[in-house]
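Here's the structure we're looking at; comments come further down.
The values are calculated or read from the model by the stated rules, or taken from the named source; none is laboratory data. It should be emphasised that the depicted structure is a prediction, and the values quoted were computed from it without experimental measurement. Cβ placement follows ideal geometry from the backbone for every residue including glycine, while neighbour counts extend to all protein chains displayed. The area values use the complete protein model at the heavy-atom level, side chains included, leaving out ligands, DNA and RNA. Shrake-Rupley method; radii C 1.70, N 1.55, O 1.52, S 1.80 Å.
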Amino acid sequence: MIRNTYIVEDIQDCIVEYLQALQVSAPWNRWTIIYGYPNEEKFNLEEVLIYVQPPKFQSGEIKNQGSQIGLGQWMMRLGVWNDRLAGGAEEIGIAESQILYSFRHKGRMADTTFDVTNSAAYTGTTLLAQGIQIDRIEGPTEVLKNVDTNEFRSEFDIFLKG
Amino acid sequence: MSSTGKGGTVNVLRWNAKVNKLLREYGPEVKKIVDYGNNKLGGNIASNLSGGSYMPGRLPVTRVTGTLFRAYQQKMVTPYLYMHGMDSRVSNYAKYVHFGTKHMAPRPYFENAVQYAKMPIMHFWRATFLNSVRKTGRA
């Protein structure tokens, strides 16, 4: 199980592979999924760009009257970016709703299988089999709204159970 | 004072005394916690904005002319509420540094500061607030 070793890149790998496994059919096959923040060379606004940033371990909230102090969780940021010529507001709306669906619907996470290679090679595995449980997803947040009217960008925060 | 329920009379005299005593204790303690949190957050943001060497996409943000640092403002709204923000009249690019653009990766100096201030504030909260509850003792 990947989560047991707490290797940050491995968790990112699993999420990216999970999303890439969805690319067998429309609308996911229209989009590009990349690791990390898109740098200038990779930047391609001809289609929707989904970027998955590495997770951070952070302190959670106090629950049960201060008993569980320092409750930890993983936080991942996932962004969607496109411009007017690549479908504009409508296309980014589809992407946002698909991301919400993919991380809120437990059945989809349980059924989607992917291959991932880290210290060992796993074939036909799922997120749950790798110990990655999505606690919740927050978003979409429109980032730098009204700066460039031709560009659309929004971000999600995904919280994984630590 | 007592309240009559279905099962009989419940004496809440001691409960009221306890609540009044707690309210007297809370005011200064909460102010102490808010001030501590404000200082902690302000310090974190300031240190995130005053980096030395040039590291694109990483914190702290390099301080070259100091304009971004000068844009950082904090304001007391009420004694229990502080606002931290960047003045867009001083540096209009503060948001681009924080959220990133096509040409540069984000350097979230605020978000990072909040993340690292959370834990010390929790510990301070635990130390002061819960002690103040204990200090009131039995009513």
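Work from the charge dipole of the protein assembly as shown (Cβ charges, +1 for Lys and Arg, -1 for Asp and Glu, about the Cα centre) and give the residue of A:51, B:104, B:130 farthest towards its positive end.
Positive-most Cα among the choices belongs to B:130.
What is the ratio of the Cα radius of gyration of the protein assembly as shown to 2.2 N^0.38 Å, with N the residue count, to two decimals? It would help to have the intermediate numbers written out before the result.
Numbers: Rg = 24.2 Å, N = 301, 2.2 N^0.38 = 19.2 Å.
Compactness ratio reported: 1.26.
Give me the percent relative contact order of chain B, please, defined on Cα pairs under 8 angstrom at least 6 residues apart. Let's see the in-between values first.
Numbers: 156 pairs, mean separation 38.3, N = 139.
Over chain B, the number comes to 28 percent.
Using a cut-off of 16 Å between alpha-carbon atoms, which aspartates and glutamates can reach residue B:135, once sequence neighbours fewer than 8 places away in the same chain are excluded?
Filter leaves B:25, B:29.
Run lengths n ≥ 4 of DSSP H only: what is the helix-derived mean residue ellipticity at 222 nm for chain B, with -39500 (n - 2.57) per run over all residues, to the nearest 500? Intermediate values should be presented prior to the final figure.
On the way: 4 runs with 75 residues, N = 139.
Roughly -18500 deg cm²/dmol at 222 nm, from the helical runs in chain B.
Considering the dipole of the range B:1-112 built from charges on the beta carbon (Lys and Arg +1, Asp and Glu -1) around the Cα centre, which of B:11, B:52, B:85 is farthest to its positive end?
With unit charges placed on the Cβ atoms, the residue in question is B:11.
What is the percent carbon and sulfur in the accessible area of chain B, measuring with a 1.4 Å probe over the protein chains and ignoring ligands?
On the way: 5260 of 8850 Å².
After summing per-atom areas, the C and S share lands at 59 percent.
Would you pull out the residues with amide H under 5 Å of residue B:72's amide H, same chain only if 5 or more places away, H placed 1.01 Å from N?
B:87
Which percent of the accessible heavy-atom area of the range A:82-150 goes to carbon and sulfur, probe 1.4 angstrom?
On the way: 1790 of 3890 Å².
In the range A:82-150, the share of accessible area belonging to carbon and sulfur is 46 percent.
Kindly identify residues of the range A:127-162 having a loss of at least 10 Å² in accessible area between the isolated chain and the assembly of all protein chains, probe radius 1.4 Å.
Buried by the other chains: A:143, A:144, A:147, A:151, A:153.
What is the calculated FRET efficiency for residue B:87 to residue A:149, with r their C-beta to C-beta distance and R₀ = 25 Å, to the nearest 0.05? Write out the running numbers ahead of the final one.
Numbers: r = 25 Å, r/R0 = 0.99.
That gives a FRET efficiency of 0.50.
Quick one: ranking B:98, B:84, B:123 by accessible area, 1.4 Å probe, largest first, what do you get?
Ranked list, largest accessible area first: B:123, B:84, B:98.
Are there residues in the range B:101-139 whose accessible area shrinks by at least 30 Å² when all protein chains are included rather than the chain by itself, and which are they (probe 1.4 Å, ligands and nucleic acids not counted)?
B:102, B:103, B:106, B:111, B:115, B:118, B:119, B:122, B:125, B:126
If one takes the longest principal axis of the Cα atoms in chain B, at what angle in degrees, from 0 to 90 and to the nearest 10, does the Cα axis of helix B:109-136 lie?
20 degrees
Regarding the range B:33-101, what is the average projected area of its C-alpha convex hull, in nm²? It would help to have the intermediate numbers written out before the result.
On the way: hull surface 20.0 nm².
Computing the convex hull of the Cα atoms and averaging its projections yields 5.0 nm².
Over both sides of the B-A contact, add up the buried accessible area with a 1.4 Å probe and give it to the nearest 100 Å². Present the calculation step by step, with values, prior to reporting the outcome.
On the way: alone 9720 and 8830 Å², together 16830 Å².
Looking at B and A, the buried total is near 1700 Å².
First measure r as the distance between the Cβ atoms of residue A:108 and residue A:39, then evaluate 1/(1 + (r/R0)^6) with R0 = 41 Å and state the FRET efficiency to the nearest 0.05.
Numbers: r = 31 Å, r/R0 = 0.74.
Efficiency, rounded to the nearest 0.05: 0.85.
Can you pull out the chymotrypsin sites (Phe, Trp or Tyr not before Pro) in the range B:90-131 that DSSP calls coil and that have at most 14 other Cβ atoms within 10 Å? Working shown, then result.
Working: sites: B:93, B:96, B:99, B:109, B:110, B:116, B:124, B:125, B:129; in loops: B:93.
Answer by residue number: B:93.
How big is the charge dipole of chain B about its Cα centre, in debye rounded to the nearest 20, if each Lys and Arg gets +1 on its Cβ and each Asp and Glu gets -1 on its Cβ? Show your work: numbers first, answer last.
Details: 21 positive and 5 negative charges, 83 e Å.
It comes to approximately 400 debye.
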